[in-house]
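These notes are about the structure you will find just below.
Taken together, the values in this text are just the output of simple stated rules run on the coordinates, not laboratory data. Everything quoted here is computed from the prediction, not taken from an experiment. Because the Cβ atoms are built from the backbone with ideal geometry, glycine has one as well, and the counts that use them run over all protein chains shown.
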Amino acid sequence: MQQKILLIGGPGTGKTSVLNELISRDFFCFPEVSREVTLKAQEQGIDQLFLTNPLLFSEMLLEGREQQYLDAEKSDAEIIFFDRGIPDVHAYMDFFNTEYPTIFLEKSRKYKYDKVFHFSPWKEIHITDNERYESFEETVEIDSFLTKTYKELGYNIINVPMASIKKRTDFIINTLSCDL
């Protein structure tokens, strides 16, 4: 039986670094789609699409994450990792106090993940760049919206310890091994 494993947490908490480590260990992984959406918008002259048109940005994210989920269902991989999930989209919309259509919640309820690993804000590793503009303080606040959203959807959140990339990755794999 296929397991869909989700990595969540605010920006700059180490999710992508761990996902890259999982890829190097030959796990099937889907990267975060927001960077791709942001870069496409920048190519069209929109510096920060999320800030300029948050609903359009979120609709594009929702579409991308739904497509990842559907692509995962076609895979024969036993374990599939996702850097962020469908519920992240409306959690961010809630953080920015932006209204959104009910389809966002409907898709969060329709497409379920088997396990959710949470990366807490960690000031020592937090950086900003062209696609990640959130301050550490904003990351902490976003993180609270993310965990609230996933808990409201009934997910049990597994906290990943603050440690090296290797140790964080080992923790996730060992946690999953206990369930197999």
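Rounded, prolate or oblate for the stretch 3-174? Axes are the square roots of the Cα gyration tensor eigenvalues, ordered a ≥ b ≥ c, and the cut-off for rounded is a/c under 1.5. Note, shape of the stretch 3-174 comes out rounded. Remark: spin-label model distance S17-K148 equals 2.8 nm, labels positioned 7 Å along the Cα→Cβ axis. Take every Cα pair under 8 Å whose residues are at least 6 apart in sequence, average their separation, divide by the length of the chain, and the relative contact order is 35 percent. Considering only S120, S17, S58, the Gaussian network model of the chain with Cα springs below 10 Å gives its largest mean-square fluctuation to S17. Relative to the Cα centre, what is the charge dipole magnitude of the chain, using +1 at the beta carbon of each Lys and Arg, -1 at the beta carbon of each Asp and Glu, and rounding to the nearest 20 debye? Magnitude of the dipole: close to 500 debye.
Could you sort out which of K74/K151; K74/K123; K74/K166; K40/K107 sit more than 31 Å apart by Cα distance in this structure? Beyond 31 Å between Cα atoms: K74/K123.
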